[in-house]
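Peer 1: Supplied in structure tokens, the structure appears directly below.
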Amino acid sequence: MALNAISANRIFDGTRYHHDAALVWEGQKIKGIVSLSELPQNIEHQHFDDSIIAPGFIDLQVNGGGDIMFNNDISSDGVNVICQAHRKHGTAYLLPTLISSTPEDITKALMAIDKAISNNIPGVLGIHLEGPWLNHDKKGAHNSELFYTPTPEQLSEFPWLSKGKTLVTAAIENLSIESLEWLKENGVIVSCGHSNAKLEQLPQEKTKLTDGFTHLYNAMSPFEGREPGIVGTALLTDHAWCSIITDGIHVHPQSFLLANRIKPQGKLFIVTDAMATLGSTTNQFVLDGEIIRVVDNKLVNSRGNLAGAHIGMDESVANVIKWGIDEQQALKMASTYPAQAMNCNDLGLLQPGYRATATILNSKYRSQAVLVDGNIF
Ligand SMILES: [Zn+2]
């Protein structure tokens, strides 16, 4: 198999920098990083000037892109368009995210993702089911008429993925220990979100079955002196990660920095929560019969509630660097840490044997190109 390479002034491999270096891969796997002077003459390579090559960005919460909402076009073709739109913003891998839906649509979504992965559609890591097992009082832009509390038997009826990762966001106060255990035993990664729980509703038996917390601060009971709420629990549960939206609209930069100070390293990472408007030509779409519009860079429904974000991963990374996070941490929050959260041991670092997946950014952190399993886009 032929060797391929890309090079740049700087490569960040997820642990350290290499200067004037090339990332070399064979087929779909990384061979290594070599200095430009050591790169064999016969390897054709593309050089990116004034750029940095980083581990490929992984976005675990993507509702849509390129004019497509996954909820409205539950198909592997739709997912392909969403992945293409997000590659323009540096995302190599993502979890198409289904907002609360009927059991029939959940079934359809699981089958569409299985097909997308079998057909090698580039960039599909698995699926994120956000609901419908949520709390009515923290419904956000979800249709709460679809909410219910599933039994293990109901859960077992879904055609869960045979390949790829499955992330479920649920209000854990509403799930029984048996249902949580069923999900864990079946390889599902469980994140608490759209939750209104008080501390007393979160016994240790439940938090220990919780892998993470979805979009920290948004759609969760707040932290107060007398009641730590889900925000306090999310910040203080060391084993669990928190995803966070860094558009500067969903979460104040100071709140982001507070979370960064409290969470153990590796347990806070960026998601976009992007919708159909990202990488598209229109500035509105329909969700559950309701028009969602971009107004002043915010996505809002007719009542003015936030309904997802209008931002890409590259801009999200640029934001946290602007807020004071060092570049290495910011890049890890977009790749290494979400890879760890999904138990992916071949993504999130540029190391020999890992998937040949990288994001190339210019000096302003705008995406220049994305490498996905050995193919440059
Ligand atoms: Zn949400």
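The values are calculated or read from the model by the stated rules, or taken from the named source; none is laboratory data. Because the structure is a prediction, the values reported are computed rather than measured. Ideal geometry is used to build each Cβ from the backbone, glycine not excepted, and the neighbour counts take in all protein chains shown. SASA here: full protein model, heavy atoms, side chains in, ligands and nucleic acids out. Shrake-Rupley method; radii C 1.70, N 1.55, O 1.52, S 1.80 Å.
Peer 1: Pop out the carbon and sulfur fraction of the accessible area of the chain as a percent, whole number, probe 1.4 Å.
Peer 2: Details: 6930 of 15250 Å².
Looking at the chain in its full context, I get 45 percent from C and S.
Peer 1: Same structure again: Using a cut-off of 11 Å between beta-carbons, work out the net charge of the residues near Ala54 (Lys and Arg +1, Asp and Glu -1, Ala54 not included).
Peer 2: Within the 11 Å Cβ shell, the charges total -1.
Peer 1: For the chain, what is the calculated [θ] at 222 nm in deg cm²/dmol (nearest 500), taking -39500 (n - 2.57) for each run of four or more DSSP H residues and dividing by its residue count? Write out the running numbers ahead of the final one.
Peer 2: Numbers: 10 runs with 87 residues, N = 377.
That comes out to -6500 deg cm²/dmol.
Peer 1: Just want the answer: with Cβ charges of +1 for Lys and Arg and -1 for Asp and Glu, which residue in Pro132, Pro152, Gly164 is farthest toward the dipole's positive end in segment 120-171?
Peer 2: Value computed over the given set: Gly164.
Peer 1: Assign unit charges at the C-beta atoms only (+1 for Lys and Arg, -1 for Asp and Glu), then state the dipole size of segment 54-167 relative to its Cα centre in Debye, rounded to the nearest 20. Provide the component values of the computation, followed by the final result.
Peer 2: On the way: 8 positive and 12 negative charges, 90 e Å.
Roughly 440 debye, rounded to the nearest 20.
Peer 1: State the Cα centre-to-centre distance between segment 8-46 and segment 114-153 in whole Å.
Peer 2: Each part reduced to its Cα centre gives a spacing of 38 Å.
Peer 1: Tell me the net charge near Gly78. Cut-off is 13 Å between Cβ atoms, Gly78 excluded, with +1 for each Lys or Arg and -1 for each Asp or Glu.
Peer 2: Values: positive: Lys108, Lys115; negative: Asp67, Asp73, Asp77, Asp105.
Net local charge, Gly78 excluded: -2.
Peer 1: So what are the three principal axis dimensions of segment 157-275 from its Cα atoms, in whole Å, longest to shortest?
Peer 2: 42, 33, 25
Peer 1: Also: Nearest 20 debye, what's the magnitude of the dipole of segment 136-185 about its Cα centre given +1 on Lys and Arg Cβ and -1 on Asp and Glu Cβ?
Peer 2: Details: 5 positive and 8 negative charges, 71 e Å.
Charge dipole of segment 136-185: 340 debye, to the nearest 20.
Peer 1: How high is the relative contact order of the chain, in percent, counting Cα pairs under 8 Å that sit 6 or more residues apart? Walk me through the numbers before you get to the answer.
Peer 2: Numbers: 930 pairs, mean separation 80.9, N = 377.
Relative contact order for the chain comes out at 21 percent.
Peer 1: So if a site counts as exposed when it's one of the GluC sites (Glu not before Pro), its DSSP state isn't H, G, I, E or B, and it has at most 15 other Cβ atoms within 10 Å, what's the longest stretch of the chain without one? It would help to have the intermediate numbers written out before the result.
Peer 2: On the way: sites that count: Glu44, Glu157, Glu224.
Of all site-free stretches, the longest is 225-377.
Peer 1: Additional query: Quick one, could you list the DSSP H helices from the chain stretching 20 Å or more along their long axis (Cα atoms) with average Kyte-Doolittle hydropathy of 1.0 or above? Present the calculation step by step, with values, prior to reporting the outcome.
Peer 2: Numbers: long enough: 103-118 (23 Å, 0.20).
Qualifying helices, which must be both long enough and hydrophobic enough, do not occur.
Peer 1: Calculate how many DSSP beta bridges within the chain are antiparallel, expressed in % of all such bridges and rounded to the nearest 5.
Peer 2: Details: 37 of 71 bridges.
Close to 50 percent.
Peer 1: No solvent, one uniform scatterer per C-alpha: report log10 I(q)/I(0) for segment 179-241 via the Debye equation at q = 0.26, 0.28 1/Å, two decimals.
Peer 2: -1.15, -1.29
Peer 1: Which of the listed residues, Asn174, Val188, Leu216, is farthest toward the dipole's positive end in segment 57-347, when Lys, Arg count +1 and Asp, Glu count -1 at the beta-carbon?
Peer 2: The residue sitting most towards the positive pole is Leu216.
Peer 1: Follow-up question, since we're still on this one. Rounded to the nearest 0.05, what FRET efficiency is calculated for Asn283 and Trp323 with R0 set to 22 Å and r the Cβ-Cβ distance? It would help to have the intermediate numbers written out before the result.
Peer 2: Details: r = 26 Å, r/R0 = 1.19.
Result of the calculation: an efficiency of 0.25.
Peer 1: Using the Cα centre as the reference, give the magnitude of the dipole from point charges on the C-beta atoms of the chain (Lys, Arg: +1; Asp, Glu: -1; all else neutral), rounded to the nearest 20 debye. Each step should come with its number before you reach the end.
Peer 2: Details: 28 positive and 40 negative charges, 134 e Å.
Using only the charged Cβ atoms, the result is roughly 640 debye.
Peer 1: Turning to a different aspect of this structure: Looking at segment 236-306, which trypsin sites (Lys or Arg not before Pro) are DSSP coil and have at most 11 other C-beta atoms within 10 Å of their C-beta? Don't skip to the end; give the middle numbers.
Peer 2: Details: sites: Arg261, Lys267, Arg293, Lys298, Arg303; in loops: Lys267, Arg303.
Those satisfying the criteria are Arg303.
Peer 1: When the Cα atoms of segment 1-94 are enclosed in a convex hull and the volume is divided per residue, what value in Å³ results?
Peer 2: In segment 1-94, the Cα hull volume divided by residue count equals 118 Å³.
Peer 1: So if I take the centroid of the Cα atoms in segment 228-288 and the same for segment 180-216, what is the distance between those two points in Å?
Peer 2: Taking the Cα centre of segment 180-216 as reference, the centre of segment 228-288 is 17 Å away.
Peer 1: Sticking with this structure for a sec: Expressed in nm to one decimal, what extension gain is obtained for the pair Gln265 and Asp238 from 0.36 nm per residue of sequence separation less their Cα-Cα distance? Before the final figure, lay out each step's value.
Peer 2: Numbers: separation 27, 0.36 × 27 = 9.72 nm, distance 0.97 nm.
Once the chain is fully extended between Gln265 and Asp238, it gains 8.7 nm.
Peer 1: Could you list the trypsin sites (Lys or Arg not before Pro) in segment 5-49 that lie in coil according to DSSP, counting only those with at most 10 other Cβ atoms within 10 Å of their Cβ?
Peer 2: Of the trypsin sites (Lys or Arg not before Pro), the ones in loops of segment 5-49 whose Cβ has at most 10 other Cβ atoms within 10 Å are Arg16.
Peer 1: Let me ask something else about it. How about segment 81-189: which trypsin sites (Lys or Arg not before Pro) there are in a DSSP loop, with at most 11 other Cβ atoms within 10 Å of their Cβ? Intermediate values should be presented prior to the final figure.
Peer 2: On the way: sites: Arg87, Lys88, Lys108, Lys115, Lys138, Lys139, Lys163, Lys165, Lys184; in loops: Lys88, Lys139, Lys163.
Qualifying residues, ordered by number: Lys163.
Peer 1: Which of the pairs Lys208/Lys263; Lys108/Lys364; Lys206/Lys267; Lys138/Lys165; Lys115/Lys184 have their Cα atoms more than 28 Å apart in this structure?
Peer 2: Long pairs (Cα-Cα over 28 Å): Lys108/Lys364.
Peer 1: So for the chain, taking the charge dipole from beta-carbon charges (+1 Lys/Arg, -1 Asp/Glu), which of His86, Val231, Ala22 sits furthest toward the positive end?
Peer 2: Of His86, Val231, Ala22, it is Ala22.
Peer 1: With the convex hull built on the Cα atoms of segment 57-347, state its orientation-averaged projected area in nm². Please report the intermediate quantities before stating the final value.
Peer 2: Numbers: hull surface 54.6 nm².
The Cα convex hull of segment 57-347, projected and averaged over all directions, gives 13.6 nm².
Peer 1: A further question follows. What area, in nm² and to one decimal, does the C-alpha convex hull of segment 50-167 cast on average over all directions? List each step's numbers first, then the result.
Peer 2: Values: hull surface 33.4 nm².
With the hull built on Cα positions only, its mean projection is 8.4 nm².
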